[in-house]
Amino acid sequence: MTESRGLTPIWKGLSADPKTAAASLLGAWLNGRKPTTFRTYQQGIDSFALFLKLPTREAAVAFFLSIKKGGEANTLVLEFKNWLVQKDLSSATVSVRISALKSLAQLGRTLGKIAWSIEIKPPKVEGYRDTKGPGFEKIRDAIKALEGKNDLKSLRDRLLMAMLGTMGLRRGEAARLEIEDVDLEEKRLFYLGKARTDEEPMTIPDEISVMLGTWIDARGVKAGPLFINFSRSKTKRLSGRSIDRICHAHGLGRAHGLRHSAVTRALDKYDGNIRKVAKFSRHKNIQTLLKYDDNRRDEGGEVSKGLANEL
């Protein structure tokens, strides 16, 4: 970063109240984001502010808006990218932070705040995905360990782990469930999927239906979140982090690992039938599901062992 950059030119060329202009764009850009995206984008702008040696993210956005030429803006973002790389951050982290600035610039251009766009490409992120999870047997053991326990927490945890591990729910999908989303008579669950705006139906297996009925009888039918938080939190709804903590408490690791195990088990059970399992996993990109199948079979490891045997 050049020494000339600092506090002086931040407000140059902006409206009469540039702080408000920057805060307005920042608010519009973050509005409606999922909690995880919201936090990630905030971290990206905070990192950009640190790079610029500015005190707040609003000041960093104002500086961004003050740039008149696309060449200067792209030079700045390239310097920011190199600065991130020099800090030994992962390529995924660098990619997200550059993508955040590109997204902010795109909205700024759409709203007529700037006349340029960011052309700097984020670093390529390797497509490896850890699809192991705790393993279906371990999930089953954790669920069975709670059989016969009728306290509210045990009933909730048992149902939660069963739905994550057999219906392939994401933790955010489980957290958003309302009691009104459950139709036990028709054995259907209405969930709001990843990057979706409308709820979609999902069949409830018989075994899960029984657990749901038991849980709802104990919980009560009062409207509200299906999964209640029993801690001293101000909210009654379990958050994604709370669901992670519950899974960790039962020795299963993070909640998304249960979904990984469910998808892998489904591929095993149905002989790698990608089309069938894709209906279950609800992956938009079939290539993601293929990674599960590749990791499940570990054909690369099998070849390696075959060659090693010839040593």
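Just so you know, all these numbers are worked out from the coordinates, no wet-lab data involved. Predicted model, so just to flag it, every value in this text is computed and none were measured. Glycine gets a Cβ as well: all are built from the backbone with ideal geometry, and neighbour counts include every protein chain shown.
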Straight-line reach from LYS276: which lysines fall under 18 Å, measuring Cα to Cα and dropping same-chain residues less than 8 apart? LYS284, LYS291
Per-residue counts of other Cβ atoms within 10 Å, averaged by peptide: what ranking do you get for 197-208, 99-110, 76-87, highest first? 99-110, 76-87, 197-208
Compactness of the range 18-110, expressed as Rg and Dmax over alpha-carbon positions, Å: 12.5, 35
Just to be sure I understand the curve: with the Debye formula and one point per C-alpha of the range 144-289, what is log10 I(q)/I(0) at q = 0.11, 0.20 Å⁻¹? -0.40, -1.39
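Could you work out the helix-only [θ] at 222 nm for the chain, with each DSSP H run of four or more residues adding -39,500 (n - 2.57) and the total divided by the number of residues, to the nearest 500 deg cm²/dmol?
On the way: 14 runs with 177 residues, N = 311.
Rounded to the nearest 500, it is -18000 deg cm²/dmol.
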Looking at (1) 17.6, 51; (2) 19.3, 54; (3) 24.2, 76, which value of Rg and Dmax of the Cα atoms in Å comes from a calculation on the structure shown? (3)
Using the Cα centre of the range 107-212 as origin and beta-carbon charges of +1 (Lys, Arg) and -1 (Asp, Glu), tell me which of PRO205, ALA162, ILE139 is placed farthest towards the positive end of the dipole. ILE139
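For GLU79 and LYS279, what does the FRET efficiency come to when R0 = 51 Å and r is the distance between their Cβ atoms, rounded to the nearest 0.05? Before the final figure, lay out the partial values.
Numbers: r = 46 Å, r/R0 = 0.91.
Calculated value: 0.65.
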Could you sort 22-32, 245-255 so that the peptide with the highest average Cβ count within 10 Å comes first and the rest follow in order? 245-255, 22-32
Of LYS34/LYS144; LYS144/LYS279; LYS144/LYS269; LYS87/LYS121, which pairs sit farther than 23 Å apart, going by alpha carbon to alpha carbon? LYS34/LYS144; LYS144/LYS279
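Under the 0.36 nm per residue contour assumption, what length would be gained going from the current alpha-carbon distance of ASP183 and LYS121 to full extension?
Values: separation 62, 0.36 × 62 = 22.32 nm, distance 4.65 nm.
The span from ASP183 to LYS121 would gain 17.7 nm if fully extended.
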Assuming 0.36 nm per residue, please report the length gained on full extension of the stretch LYS34 to ARG109 beyond their Cα-Cα distance. 24.7 nm
How about LYS149: which lysines have a C-alpha closer than 21 Å to its C-alpha, ignoring those fewer than 8 places off in the same chain? LYS138
Selection from ALA92, SER47, LEU267, by position along the positive dipole direction of the chain (Cβ): SER47
